[in-house]
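The values are calculated or read from the model by the stated rules, or taken from the named source; none is laboratory data. What you are looking at is a predicted structure, and each value in this text was computed from that prediction instead of being measured. Cβ atoms come from the backbone with ideal geometry, glycine included; neighbour counts cover every protein chain shown. Note: accessible area is taken over every heavy atom of the protein model, side chains too, but ligands, DNA and RNA are not part of it. Shrake-Rupley method; radii C 1.70, N 1.55, O 1.52, S 1.80 Å.
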Amino acid sequence: MKSKISFLTCTFLLSFQALSQADTTVIVHKYPKLFPSDDSSNTSPVQVSFIYPMGTNGIHSPQVANNFSFNTLYGVNGGVNGCEIGGLVNVNTADVNGIQVGGIANITAGASKGTVIGGIANIVKDSTQGVFIAGISNVVGESSSGFEIGGISNSVNGNFDGGQVAGIAN
């Protein structure tokens with residue numbers, strides 16, 4: 001049991017590191033083919049994964065946007081245009097549009113529009129628009145509009161237009 005908790009904690013913490021500006025910039029410049037421009041040929045109607053890269057898109061998951069994505073434990077996608085459901089953590093290298101639900105967290109390197117629900121946290125590097133609900137915290141790297149509910153806090157590094165409810169701080 002302790003090894004499972006340690007593994008999940010490491011996976012969760014490594015996901016946060018993937019969104020830091022320096023790390024993302026290095027990855028995009030070093031591996032440009034993993035992060036192509038918005039191209040409709042990199043879209044899949046459905047993606048199912050157990051833990052990245054064990055899924056229908058395999059190692060190409062970071063470069064494929066999906067209309068529906070189901071991640072049993074931990075999934076990585078090139079974006080979502082529709083619905084994404086994850087047992088633990090959902091990570092997206094591009095924009096998310098639609099509904100996203102993660103048991104622990106949703107982490108998006110692009111913008112996010114729609115309804116996002118995370119058991120612990122929702123982290124978006126770019127801007128957000130819609131309803132964001134997290135057990136502990138919603139973190140937005142740029143501007144945000146809509147409504148945010150965070151058990152402890154909501155943090156927006158740019159302009160905010162809408163409503164926020166948090167147990168401690170907004």
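Structure notes:
- In the range 66-88, the residues that are under 12 Å from Gly55 (Cβ atoms) form Cβ pairs under 6 Å with partners that are of a type in the set (Val, Ile, Thr) and open to solvent by 40 Å² or more (accessible area, probe 1.4 Å), at six or more places apart or across chains, as follows: Phe70/Val48; Phe70/Ile85.
- Residue list for the range 82-129, filter: surrounded by fewer than 24 Cβ atoms within 10 Å (Cβ to Cβ) and among the polar types (S, T, N, Q): Asn97, Thr115, Ser127, Gln129
- Screening the range 60-170 for strands (runs of 3 or more DSSP E) wholly inside it with 1 or more residues that are under 12 Å from the mean Cα position of the chain (by Cα) returns the ranges 65-77, 80-86, 89-92, 96-102, 105-108, 112-118, 121-124, 128-134, 137-140.
- Cβ-Cβ under 9 Å pairs, at least 6 apart or on other chains, the range 153-170 side under 17 Å from Gln129 (Cα atoms) and open to solvent by less than 80 Å² (accessible area, probe 1.4 Å), far side in a loop (DSSP other than H, G, I, E, B) and small (Gly, Ala, Ser): Val156/Gly141; Val156/Ser143; Gly158/Ser127; Gly158/Gly141; Gly158/Ser143; Phe160/Ser143
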